[in-house]
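Participant: Dumping the structure here so I can ask a few things about it.
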Amino acid sequence: MDYQTEFDEKQYQGKLNRRFISGILVGCFVALFISAAVGMAYLFTLNPATVQTGSGESVLNDETLTKINKIESVIDSNFYKTDVSSEAKANGLYKGLMESLDDPYSVYYTEEELTELMNDTAGIYYGIGAYVSMDQTTALPRISGVIEGTPAEEAGLQTDDIIYEVDKQSTQGLELSEVVSLIKGEEGTTVHLTLLRGSDLEEIEVDVMRAQVSVPTVKTKVMDDGVGYLQITEFDEVTPDQFTEGMAELRANDIKGLIIDLRSNPGGSLTAVCDIARQLLPEGTIVYTVDRDGNREDYTCDGTHEIDIPVVVLVNKYSASASEILSGAIKDYGIGTLVGTTTYGKGIVQRIFDLKDGTAIKLTVSNYYTPNGNDIHGVGIDPDVEIEFDADAYAEDKTDNQLDKAVEVLKEAIEDLEEKAG
């Protein structure tokens with residue numbers, strides 16, 4: 001589950017500044033098994049293709065090759081370490097080329113990184129069983145969700161805990177991937193976390209055992225008065241089937257309305273979100289993409305499974321990418337009400353290009369638009385009912401004020417529908 005931190009800003013920054021002076025600080029979103037931060041969340045199409053030669057001038061000309069050889073020679077003659085492999089240098093070149101695009105979503109994957117990515121999208125994780133996100137306000141890592149039955153839950157980790165140190169190493173200034181690599185490790189080993197909890201930033205020390213984590217991406221429950229609740233934590237290959245099973249369970253309990261919780265869902269597969277949208281939307285466009293040449297591709301729904309009960313969608317500023325496709329389509333078609341805070345605003349699509357040697361690149365290839373033609377990149381989607389999350393209330397007694405508001409809105413919609421039906 002996800003919930004965003006809402007601290008008193010002056011009090012919060014003051015405490016963090018004092019900790020910074022003493023040489024310690026914090027700050028991030030990812031599944032703490034291996035996934036990616038919401039700020040780095042990707043919507044991608046998993047249809048690998050060979051790389052096409054571009055029409056621009058190649059960077060690998062005589063001048064650059066000569067310069068690379070000179071740099072390598074200087075390194076080999078003067079660098080204080082002698083054990084830097086040629087493979088590591090080559091990977092640095094490939095990664096540097098991708099970084100030159102100035103696009104945080106376009107990256108080079110080594111063989112190991114590509115395997116992890118594929119495991120990620122298949123719902124296989126290794127770590128402690130918590131989601132971590134980069135807080136956009138503080139630029140510090142925080143726990144954005146804890147998976148039931150995992151080491152993180154057993155150790156008492158809580159949503160909105162700030163990750164202050166990992167094995168006594170400060171997380172200040174680290175990239176998300178660096179924080180994740182510190183927390184990841186061999187199954188059966190432990191990681192020591194120093195956390196800051198609540199608005200008073202209480203310091204918590206905890207050891208968490210690492211393990212293989214089987215991650216359910218869909219969670220359901222039946223609430224009072226016929227309200228069905230369905231949470232989607234990310235859009236992996238397994239998610240559409242889990243969604244279908246979850247909806248069948250809810251329908252078997254004769255729910256009168258549905259809450260779809262997409263808070264802190266970083267996105268994932270375009271195919272997965274479209275498969276789920278086809279179980280909810282009327283006939284028409286789910287989303288469409290436009291590439292750099294103006295070519296448009298529509299992803300459509302035949303409307304045969306359009307939902308016939310009121311829907312409320314919970315979103316927040318960490319709901320990104322594929323989450324915004326689903327919530328944007330539901331809003332555009334008017335079949336549901338969005339409750340929460342404005343979404344992240346990631347309206348671009350990445351594609352994996354197989355380099356045929358065990359490695360690959362992920363490249364941003366197009367923008368996407370909601371059915372009504374809205375470009376949400378860098379803007380996000382505004383909720384119909386805005387309500388900030390009360391982190392202190394949740395820390396005190398698990399009160400989820402956003403969920404409570406969603407239930408209220410849904411019950412009103414159910415009552416209106418019943419009145420119209422006579």
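The values are calculated or read from the model by the stated rules, or taken from the named source; none is laboratory data. Note that the structure is a prediction, hence the values are computed from the model and not measured. Here the Cβ positions follow ideal geometry from the backbone for every residue, glycine too, while neighbour counts run over all protein chains shown. The protein model used for the area step is the full one, side chains on, heavy atoms only, and it has no ligands, DNA or RNA in it. Shrake-Rupley method; radii C 1.70, N 1.55, O 1.52, S 1.80 Å.
Participant: Quick check: anything in region 129-142 part of a strand (DSSP E or B) and polar (S, T, N, Q)? Even if it seems obvious, please write down each step before you answer.
Facilitator: Our first condition is that a residue be part of a strand (DSSP E or B); within region 129-142, this holds for 130-134, 141-142.
From the residues that got through so far, the ones that are polar (S, T, N, Q) too are 133.
Yes: region 129-142 contains one or more residues that are part of a strand (DSSP E or B) and polar (S, T, N, Q).
Participant: Write out, first by first residue and then by second, each pair whose Cβ atoms fall under 8 Å of each other, whose residues are 6+ apart or on separate chains, and whose first residue, in region 65-83, is surrounded by 10 or more Cβ atoms within 10 Å (Cβ to Cβ) while the second is aliphatic (A, V, I, L, M).
Facilitator: 68/93; 75/84
Participant: Let me ask something else. Among the residues of region 312-370, which ones are of a type in the set (Phe, Trp, Tyr), over 16 Å from residue 286 (Cα atoms) and open to solvent by 10 Å² or more (accessible area, probe 1.4 Å)?
Facilitator: Applying the first criterion (of a type in the set (Phe, Trp, Tyr)) to region 312-370 yields 318, 333, 344, 353, 368-369.
Then drop every residue that is not over 16 Å from residue 286 (Cα atoms), which leaves 318, 344, 353.
Hits for region 312-370 are 344, 353.
Participant: Just one of 132, 166, 146 is touching a Leu at 6+ places or on another chain (Cβ under 7 Å), in contact (Cβ under 8 Å) with a residue 12 or more places away in the chain, open to solvent by 10 Å² or more (accessible area, probe 1.4 Å) and over 30 Å from residue 59 (Cβ atoms); which is it?
Facilitator: On the way: 132 fails: open to solvent by 10 Å² or more (accessible area, probe 1.4 Å); 166 fails: open to solvent by 10 Å² or more (accessible area, probe 1.4 Å).
When all the criteria are applied, what remains is 146.
Participant: Out of all the residues in region 349-375, which are assigned to a loop (DSSP other than H, G, I, E, B) and out of contact with any Phe, Trp or Tyr (no Cβ under 8 Å at 6 or more places or on another chain)? Talk me through it step by step, then tell me what you get.
Facilitator: We begin by selecting, within region 349-375, every residue assigned to a loop (DSSP other than H, G, I, E, B); these are 355-359, 370-375.
355, 356, 357, 358, 370, 372, 373, 374, listed by residue number.
Participant: Also, quick follow-up: Is it fair to say residue 297 is open to solvent by 20 Å² or more (accessible area, probe 1.4 Å) and over 16 Å from residue 368 (Cβ atoms)?
Facilitator: Numbers: open to solvent by 20 Å² or more (accessible area, probe 1.4 Å): yes; over 16 Å from residue 368 (Cβ atoms): no.
Spelling it out, it is not the case that residue 297 is open to solvent by 20 Å² or more (accessible area, probe 1.4 Å) and over 16 Å from residue 368 (Cβ atoms).
Participant: Pull out all pairs, ordered by first then second residue, where Cβ-Cβ is under 6 Å, the residues are six or more apart or on different chains, the first lies in region 171-191 and is under 18 Å from residue 139 (Cβ atoms) and in contact (Cβ under 8 Å) with a residue 40 or more places away in the chain, and the second is open to solvent by 70 Å² or more (accessible area, probe 1.4 Å) and part of a helix (DSSP H, G or I).
Facilitator: none
Participant: Would it be correct to say that residue 232 is over 14 Å from the mean Cα position of the chain (by Cα) and either surrounded by fewer than 24 Cβ atoms within 10 Å (Cβ to Cβ) or of a type outside the set (S, T, N, Q) (or both)?
Facilitator: Criteria not met by residue 232.
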